[in-house]
Amino acid sequence: MFDGSFKSRRTINLGGNKQQVDKQKLLKQAQEERRIREAERARLKAAERIQAWYRGRTVAAGVRQDIRDTWDTETIILQHNIGSTAQLTPTTISQLSSEVESSVQKLLIFFRPRFDHQRLVQLCSNLLLTTGTTKNRLVAIPFQSTPDQQASWQRLLGRLLLVLVQHLGAYSSWTEQETEPVFTLLDTLTLMETYSTTQDTQALPLSKHFSQTLSSVDIFPQLARFLSRISIDEKSKPSFGKALLLAVRILRASEQATTDQFVGYILTVPLLPNRMPIEILSTFTSRLPLDNILLHLSGTSLATISSLPQYKATPLLANILAFGYQRVAKMSPSVSNAYLHVLTALLGLVPRGSIESASKRAADDDEDMDDVEWRSETLPGSSPKSPPSSAKLDPRMMKWLSLAYDSNHLNDILGSIEKSSSAATTPTGATQEVLSADSIGEITHLLLNLITLFPSHKINILSNLMYFKFGSKAKTIAGSGSAQAPIGKVFSVSIIKIFLDAFTSTKLYDQLLQSMQRDTPLSFQLVMDQSHAKAWNLLAFVAELYCQILVTMGDDEFYDETRNPISLQSVITLASIVRDVAFLLWWNDNALNMESNVGGSMDLKVGYLRDIVTKLTRQLHARDSRKAFCPKDHWLLSMPLDMNAFKRAVIQDEESLSRDQEVDEHDGDDAIMTDSEHVRVQRSINRRQRTSQLARLSPRLGVLNNIPFVIRFEDRVSIFRAFVESDRQRSPGMSGFHPHPVGQAQVRRGTVFEDGYEHLNHLGPKLKGRIAISFVDQHGMPEAGIDGGGVFKEFLTSLVLQAFNTNYGLFMNTSDHLLYPNPHQFAQERTQLKHYEFLGRILGKALYEGILIDAAFAGFFLSKCLGQVNYLDDLPSLDPELYRGLMFVKNYEGNFEKDLSLNFTVADEDMGQTVTRELIPNGANTMVTRENRIRYIYLTAHYRLNTQIDRQCKAFFRGLSDLIDPKWLWMFNQQELQVMMGGAQTGISLKDLAQNVVYSNFERTDPTIEYFWSVVEEMSEEDRRLLVKFVTSCARPPLMGFAELNPKLCIRNAGREEDRLPTSSTCMNLLKLPAFTSRERLKEKLLYAIHSEAGFDLS
């Protein structure tokens, strides 16, 4: 019970026993009690502070409310006073100045955005009120008072502007009625006309002062926040235009320091032009000091641009293009250079893939023009491909961004920076300096950015450059008499030469050339050397541009020095450079990061450089393979390479990768797939996953799959055979002297293809194993004989002879009697595609076993089978007439629309009917013009050479890849693959043939054999080929010589019946030769036999 005592009572122990006290426990107890007391005191003090703060806030709120009430009352009085003032006298000026200052001061004291929004708007309206007759606005009246009052009013307005600007950006529920007085007040303060009643010397300083005040209180960020809340559909709102015009006025009146804020906040508003009505857009564009902005940004603020986040960089790029693309032609040299710098910097900030995704290109975009089609895993600019950005760009922004690669825009850029004193070409044809080194470097950077950002428009960008003419006026040279003759028809010669000459003048070029001449290996450090960054950019662009030129350049143009933009000698040197650089980048994949920048360059990736130099190397090699222009062995490495060590290492790498693949295949659940489907899907998956990693795992395989021609053909064939043998050893049931057959087939000689398809097609990859073939005669009886391999060869030879006969319908002949798939719709039906797939397996089996077939294929067909794209230069072999027509279109100088009336369609003849097919969407209504002719030529050639036979080739390749790993095939080009399948295109070497023949029941010194070789020695080349075909079923020798024949070519004694004809068993490479006693008799019978093709059936 409470008795008034505040002391605790003493505890008395009446038991008489003394308690034992633990000192440590007692100490801890005392400490805890002290802590509790201190916490209680702190809680009480905190409560007191909270209570004091609350009382203070409550009192302050009450005071503010009292001031509000006073303000409301005084506002009414102020409105009355200003309205009743007819003339301004010193007295009225002083009175009104005091009243307006009091009104502003009070509002600044009590203003809270949540409660006083309307009062702030009302104050702005009050400040805009005018006197009765003088029409002086209230906001300007204090500036007519005493100097002290003017200074006070100026400071007060500065405080008001801070509150007003912050509220403008923060408040989210502005209406047009509310924003009207706010922007009118801000306009009034920044216009000189407001201060017309003051001294003339004060008008400009005051307007400039308030403009600078607004910039200092972050007007641009707040205006950007305000603008971002207005949707594009509400662009008719007056407040949007007022805000933008205010921003421009403040920018023009402020120091350069505000330019960064204007650019960073106003010009980064997405779709700025689309948000303005036409009249506001016109005014804004005319007042925008774009030249000053560009000069400022290209100077000290270039680093500021580079630090912009992507969500700001892309809109800024679009807006600068929107406001600048029509001004470029009128820009001064300094401004045009600044524009080029800024554009290049901004393009470098846009992530690759954010504008266009390689997997989602527009339906009317051109096909990718890379030389590798099915196995290409990378795009220019990133290697491996960068994932597309998750943010989707507004199509309206894409419209502005597309101005970057607009042909007129690019022409204006190039024309504006041309050196005014340059003369493009002298009468003798020598090219003089047209662009400065700095300009060339900057243009190179810009164009590389464009073609990597807009890959589907690369054709148009580069095609326009091919035909660009420097300068606004045509360059002329003195002709005969006083006439002036124009220089050239197309400036593509000069533009590629300008950039190539710029590259050849670099130290990098000298270093590459010296290394090549001295046969010394290049160091991968050369790629990362920052001093060579511009030179690498030049090489990459030269490769891109010349690749595009080659795409639509026929062989007749290429070998004509007057029509090829680069001399053949320069081409040869360039080919050497790109060959060695490509090898350097593939060989050092382990040491280089493909995603790193070349030499510290802003945007050129190592992977992209490797892709483009590899592409040019392959294109030039393809030209040289078709018609040589390079010296012998030009494409072989200029640096020493231990080939024996290379072979051993690459075989080990392949075995390791194959074992990993087999593990992957066994780990998968293939219960619902056939063996063929499983292997095909698994290889496809592995290719997607490993193509970009292949060079990293094995640089040697990277070289062999991308630039194989740097290794001798014979060495690659040896490597291929080693790959096959290694695969044979790994495959179950295939090793041993005479493995058990994996399949059997009874084949009728008249229907070899149909029976083979029925019995063997289902085997898929198992076709690698031994196949037991037995022929059935016309009576249905099996022919005698055991298939030890020779019968299968006979079957393979007969099947190929039947299937590739053009009367069978699967294949057609070019004018040069080369085979290619039937392009008609019939050949694309499911059954026919299955037949193509089976034929692919059959040819794969022939390659696997080293059996030569007597069939010559068109180069464009084999190119497709290797996963490559065919170009215009392949068209003459298919359709010479169409080729000539396209070359006419390319070089036509007249009116395309009026004279030619071509559109983007092609006409197909299919089963007697003409079918028109569009090359692009709405192609029937898209006319061919001078500007798009290159695209038309490319698409037409692409359709004939690639699209028409695409499904057939893919089916063929699917079958082929069931037996032959695609990366083994990629070691060869189409000419080499033809040699692999059908033998060498060389003549028959009598010495090689004689050294690799064995005899049965004959001796080399027997008279019959002496007669035989004497007759063969006298034979023509054609008769020798017929003899080889008679014995082996193929008229061409094996690619590595007759020593490669298995079994060896054998001459067997067929008895002494000299009236018999020589016969053969092509399945065993066996010639059955009667023991003729007369040379003339042997010659007569032998020639008769080989010309009548008496062979297996007559034996």
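Numbers below:
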quantity	calculated
Qualifying residues in the range 844-866 (those that are outside any loop (DSSP other than H, G, I, E, B) and among the small types (Gly, Ala, Ser)) - the one surrounded by the most Cβ atoms within 10 Å (Cβ to Cβ)	Ser863
Selection status of Asp950, of a type in the set (Asp, Glu), out of contact with any His (no Cβ under 6 Å at 6 or more places or on another chain) and crowded, with 20+ Cβ neighbours inside 10 Å	no
Test: residue in the range 1034-1041 that is without any contact (Cβ under 8 Å) to a residue 12 or more places away in the chain and within 55 Å of the chain's Cα centre (by Cα)	no
Test: residue in the range 557-569 that is within 25 Å of Leu526 (Cα to Cα), of a type in the set (A, V, I, L, M) and either outside the structural domain of Asn870 (by TED's automatic domain parsing) or modelled with pLDDT under 90 (or both)	no
Flag for Arg1025 being in a loop (DSSP other than H, G, I, E, B) and out of contact with any Ser or Thr (no Cβ under 8 Å at 6 or more places or on another chain)	no
Residue count, the range 1000-1017 (criterion: in contact with a Lys or Arg (Cβ under 8 Å, 6 or more places away or on another chain) and surrounded by fewer than 15 Cβ atoms within 10 Å (Cβ to Cβ))	3
Checklist (1) touching a residue at least 40 places away in the same chain (Cβ under 8 Å); (2) within 22 Å of Trp71 (Cβ to Cβ) applied to Gln177, failing item	(1)
Matching residues in the range 867-885 - criterion: being surrounded by 14 or more Cβ atoms within 10 Å (Cβ to Cβ), in a helix (DSSP H, G or I) and in contact (Cβ under 8 Å) with a residue 60 or more places away in the chain	Leu872, Asp873, Asp874, Leu875, Pro876, Ser877, Leu882, Tyr883
Filtered residues of the range 624-661 (kept if among the basic types (Lys, Arg) and under 26 Å from Ile964 (Cα atoms))	Arg626, Lys647, Arg648, Arg659
Hits in the range 591-624 (condition: among the polar types (S, T, N, Q) and modelled with pLDDT of 90 or more)	Thr614, Thr617, Gln619
Elements of type strands (runs of 3 or more DSSP E) in the range 765-839, at least 3 residues being touching a residue at least 24 places away in the same chain (Cβ under 8 Å) and outside the structural domain of Ser961 (by TED's automatic domain parsing)	771-776
Residue ID - surrounded by the fewest Cβ atoms within 10 Å (Cβ to Cβ), chosen from residues in the range 240-270 that are under 15 Å from His296 (Cβ atoms) and among the polar types (S, T, N, Q)	Gln256
Members of the range 326-337 that are crowded, with 20+ Cβ neighbours inside 10 Å and either among the aliphatic types (A, V, I, L, M) or not in a helix (DSSP H, G or I) (or both)	Val328, Met331, Val335
One residue from Leu127, Leu88, Leu78 being farther than 19 Å from Leu162 by Cβ and either of a type in the set (Ser, Thr, Tyr) or in contact with a helix residue (DSSP H, G or I) (Cβ under 6 Å, 6 or more places away or on another chain) (or both)	Leu78
Test: residue in the range 778-785 that is buried (at least 16 other Cβ atoms within 10 Å of the Cβ), hydrophobic (A, V, I, L, M, F, W, C) and more than 24 Å from Leu1049 (Cα to Cα)	no
Subset of the range 208-256 that is out of contact with any Ser or Thr (no Cβ under 6 Å at 6 or more places or on another chain) and of a type in the set (Ser, Thr, Tyr) - its residue that is nearest to Leu267 (Cα to Cα)	Ser228
Looking only at the range 86-144, and only at residues there that are under 20 Å from Gln177 (Cβ atoms) and of a type in the set (D, E, K, R), the one that is nearest to the chain's Cα centre (by Cα)	Arg114
Residue that is farthest from Ala827 (Cα to Cα), among those in the range 922-953 that are charged (D, E, K, R) and in contact with a Lys or Arg (Cβ under 9 Å, 6 or more places away or on another chain)	Arg933
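Okay, residues lined up against (1) surrounded by 18 or more Cβ atoms within 10 Å (Cβ to Cβ); (2) at pLDDT 85 or above; (3) more than 29 Å from Gly169 (Cβ to Cβ):
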residue: Glu99; (1), (2), (3): yes, yes, yes
residue: Gln105; (1), (2), (3): no, yes, no
residue: Phe110; (1), (2), (3): yes, yes, no
residue: Pro113; (1), (2), (3): no, yes, no
residue: Cys124; (1), (2), (3): yes, yes, no
residue: Thr146; (1), (2), (3): no, yes, yes
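The values are calculated or read from the model by the stated rules, or taken from the named source; none is laboratory data. Keep in mind that what you see is a predicted model, and the values were worked out from it rather than measured. Here Cβ is always computed from backbone atoms with ideal geometry, including for glycine, and neighbour counts include all displayed protein chains.
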